[in-house]
Amino acid sequence: MTQETAAATTDAVLDREETISRDELETLQLSRLQHTVAYAYDRVPLYKRKFDEAGVHPTDLRELSDLAKFPFTTKEDLRLEYPFGMFAVPQSEVARIHASSGTTGRATVVGYTKKDLADWAKLVARSLRASGVRPGMKVHNAYGYGLFTGGMGAHAGAEALGCTVIPISGGQTERQITLIQDFKPDAILATPTYLLTIADAMIKQGIDPASTSLRYAVLGAEPWTEEMRHELETTMNLKACDIYGLSEVMGPGVAGEAVETQDGSHIWEDHFRPEIIDAFDPTVVLGDGEPGELVFTSLTKEALPIIRYRTKDLTRLLPGTARPAHRRMGRITGRSDDMIILRGVNLFPSQIEEIALRIPELSPHFQLELTRPEGHRMDQMTVKIERRDAVTAEGAASAARVLQQQIKIHVGSSCTVDVVEPGSLERSNGKLRRIYDMRPKG
Ligand code: DLL
């Protein structure tokens, strides 16, 4: 830990709930959980129907482990209840609505009461503070504003913390760079791949990304690796921490990472009860440390209480460190619906990121193309990846061979690697699409 980051954490005033004991936290969770399941059952027809069908009643929840008796909620449930069927309060009490983009089906709609918005801002403020951001700092917010929860969620949290917020939203990278140079923000909030886009564009303009005023980055909304953290921290000379969340559960700030330990995001368990289940057999609740699918139950939400929501995010629960009562989540390896099954081998883009970034000739800009060439029964994967600027043609060719071998060794898949010119692949504006699936459907 540098002197600067040590100072950053010791001067912080924490919420009381951040410092309570695990016992006290679990007592709080149980009473909030009992309230939430009863509240959801009474107010949301879908929950009443699902609980009745499963033969459980809110009074069956006597201890925390009883939660496993209750049915799951899925994105499909939210889609079927489109637009407002999941709301537990009359529309006049809903202060704000957000929605997913709905590119893969009907949008999922979420709502917040005034109190929900205040709780959300408090948890984002808590996450930002954990990551080194302090009252009075200037915060450049490059998460997209609009129905996506990233922009406005991060904005309200930074304001609640007492920061000066610069609400630039995503995109218009040239302008972002001008404002970073002119306004001299201390912290930046963005997706990791969009921060990479900004750093890359700075280099193209002859600006050293390490020379800006930025000292902290709070990054999330998509999977990223320790290798990507190293890349961003060294190129930009800042401390990069993770922030996690999802709209169905709240938005950003469900969990946040402490800058002094940088060992994964602490789930704010005074507001959310996490579980890990076996993604293939959801009846099995796994123990701490075991990898599986993350499931959340909200403990304080009014407009959209959510019971055992299946996130599809794959990770594991770890003991608390910087905030001992609140468990951490390991890095998300991927989403179960983003898993590539290539000739029987399961793989995630983050595995490729991890391997590629250890090869000095290769840049973090890559995409995965899946094809099934005519006349072939087998799927093929091509990793298209940009070489770093100074690398020669021979350097690129040998790096391609190394990447191909490393993927075979560590992932178990054979693939083709195509090292392409710097700047030739599409850049991120927010959540980056890594997979281009061109296989025939069906
Ligand atoms: O992405 C909320 C958010 C905004 C989080 C800004 C952090 C920062 P959704 O659009 O509903 O909400 O997408 C949620 O994004 O289920 C994960 O798959 C992924 N995700 C979010 N944060 C992380 C993270 C926002 N830190 C989905 N690491 C989630 C890995 C993340 N994946």
### Task
Mind running the shape call on segment 402-442? Use the C-alpha gyration tensor, a ≥ b ≥ c as the square roots of the eigenvalues: rounded below 1.5 for a/c, prolate if a/b tops b/c, oblate otherwise.
oblate
#### Entry: Label-point separation, Ser211 to Met378 (7 Å along Cα→Cβ), nm
5.1
## Note on the structure
Heavy-atom accessible area with a 1.4 angstrom probe orders Met378, Met152, most exposed first, as Met378, Met152
### Message
Can you compute the modelled spin-label distance between Thr321 and Thr164, with each label point 7 Å from Cα toward Cβ, in nm?
### Response
3.4
#### Entry: For segment 30-65 versus segment 130-168, the gap between their alpha-carbon centres in whole angstrom
35
### Task
Could you work out the Rg to Rh ratio of segment 325-371, with Rh taken as the Kirkwood radius (inverse of the mean 1/r over all Cα pairs)?
1.07
### Query
With every protein chain in place, what's the accessible area of His35 (1.4 Å probe, Å², nearest 10)?
110
### Query
Rounded to a whole number, what % of the accessible area of segment 259-409 do carbon and sulfur atoms account for, probe 1.4 Å?
51
### Task
Just check the chain against the gyration tensor rule for me: Cα atoms, a ≥ b ≥ c as the square roots of the eigenvalues, rounded for a/c under 1.5, and otherwise prolate or oblate depending on whether a/b exceeds b/c.
oblate
### Summary
Everything considered on the Cα gyration tensor (a ≥ b ≥ c; rounded for a/c under 1.5, else prolate if a/b is larger than b/c, else oblate), segment 299-357 must be described as oblate
#### Entry: Potential lengthening between Arg388 and Thr27 on full extension [0.36 nm per residue; Cα-Cα distance subtracted]
124.7 nm
#### Entry: Average accessible area per residue (Å²) across the chain - probe 1.4 Å, nucleic acids and ligands excluded
43
### Query
In what order, largest first, do Ile97, Ile207, Ile341, Ile198 sit by accessible area if the probe radius is 1.4 Å?
Ile341, Ile97, Ile207, Ile198
### Computed [θ] at 222 nm, deg cm²/dmol, the chain (DSSP H ≥ 4; -39,500 (n - 2.57); rounded to nearest 500)
-10000 deg cm²/dmol
### Task
Compute from the Cα atoms of segment 242-315 the Rg and the Dmax, the latter being the longest Cα-Cα distance, and quote both in angstrom.
12.4, 37
### Message
Suppose we take every Cα in segment 181-262 and form the convex hull; what volume per residue is that in Å³?
### Response
94
### Message
Nothing charged except the Cβ atoms of Lys and Arg (+1) and of Asp and Glu (-1): what's the magnitude of the dipole of segment 222-287 about its Cα centre? Round to the nearest 20 debye.
### Response
160
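The values are calculated or read from the model by the stated rules, or taken from the named source; none is laboratory data. Everything numeric here is computed off the predicted structure, so don't read it as measured data. Don't worry about glycine lacking a Cβ; one is built from the backbone with ideal geometry, like all the others, and counts go over all protein chains shown. What goes into the accessible areas is simple: the full protein's heavy atoms, side chains included, and nothing from ligands, DNA or RNA. Shrake-Rupley method; radii C 1.70, N 1.55, O 1.52, S 1.80 Å.
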